[in-house]
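Have a look at the structure below before the remarks.
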Amino acid sequence: MAYIFDTNIFIRSKNEMPMDIWPTFWERFRDMVNSGEIFTSITVKDEIDKGKDELTEWLKQNAPKSFYLSLDAEVMAQYTSVQNWAKSNPVYTQAALNTFANVADAYLVATASAKQMSLVTYEGSSPNSKKRVMIPDACNALGVRYCDLNTVLKEMGIKI
């Protein structure tokens, strides 16, 4: 099974497991990144690059170009489906829809759908949220499996 990682997996890992204190985690994470089983979207790379911090450098040094999935025609077709679902849901404000259209989230759901991947995120479902379209709710609408990082570690047989 292939996995696609949300930005929050990287940022939360960096914040909660600093590289200088959790070197074994980051070694295993590097191995995962290079395994060909986990990926992320080029849109996540763009979000992380804005931080210009140790995480940006870590990814530059440890992630192959193949780790970043592009927005190909198949992904963009699914992106349209994701956006159409969000726009048809009367609960979301226009501001929530605008944000969802311009951050990595909708692209991640679209990529997971197009490539038959599990989306890895720390977000929780909140179907009645007016101010934010949550990844799990979009996944549920499109039939995309989502899980958190610990689930991926278990499924890949990784212990730290």
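The values are calculated or read from the model by the stated rules, or taken from the named source; none is laboratory data. These numbers were taken from a predicted model, which means no experiment stands behind them. Quick reminder, even Gly has a Cβ in these numbers, built from the backbone with ideal geometry, and neighbours come from all protein chains shown. Please note that ligands, DNA and RNA were not included when accessible areas were found on the heavy atoms of the full protein model with its side chains. Shrake-Rupley method; radii C 1.70, N 1.55, O 1.52, S 1.80 Å.
A few notes on this one:
- Consider region 1-16 and keep the residues that are of a type in the set (A, V, I, L, M) and over 20 Å from K52 (Cβ atoms). The one that is nearest to the chain's Cα centre (by Cα) is I4.
- Restricting the search to helices (runs of 4 or more DSSP H) fully inside region 100-160 and requiring at least 1 residues that are farther than 14 Å from I38 by Cα, open to solvent by 10 Å² or more (accessible area, probe 1.4 Å) and touching a Pro at 6+ places or on another chain (Cβ under 9 Å) gives 135-142.
- Put simply, of K87, K52, K45 the only residue that is open to solvent by 90 Å² or more (accessible area, probe 1.4 Å), touching a Leu at 6+ places or on another chain (Cβ under 9 Å) and either among the aromatic types (F, W, Y) or farther than 22 Å from T151 by Cβ (or both) is K87.
- Criterion violated by C147 - all others in (1) out of contact with any Phe, Trp or Tyr (no Cβ under 9 Å at 6 or more places or on another chain); (2) hydrophobic (A, V, I, L, M, F, W, C); (3) within 16 Å of Y3 (Cβ to Cβ) satisfied: (1)
- When T24 is tested against the conditions (1) exposed (fewer than 12 other Cβ atoms within 10 Å of the Cβ); (2) under 25 Å from E155 (Cα atoms); (3) without any contact (Cβ under 8 Å) to a residue 40 or more places away in the chain, the lone failure is (3).
- Any hit, region 79-95, residues being at pLDDT 95 or above, under 20 Å from K45 (Cα atoms) and not basic (K, R): yes
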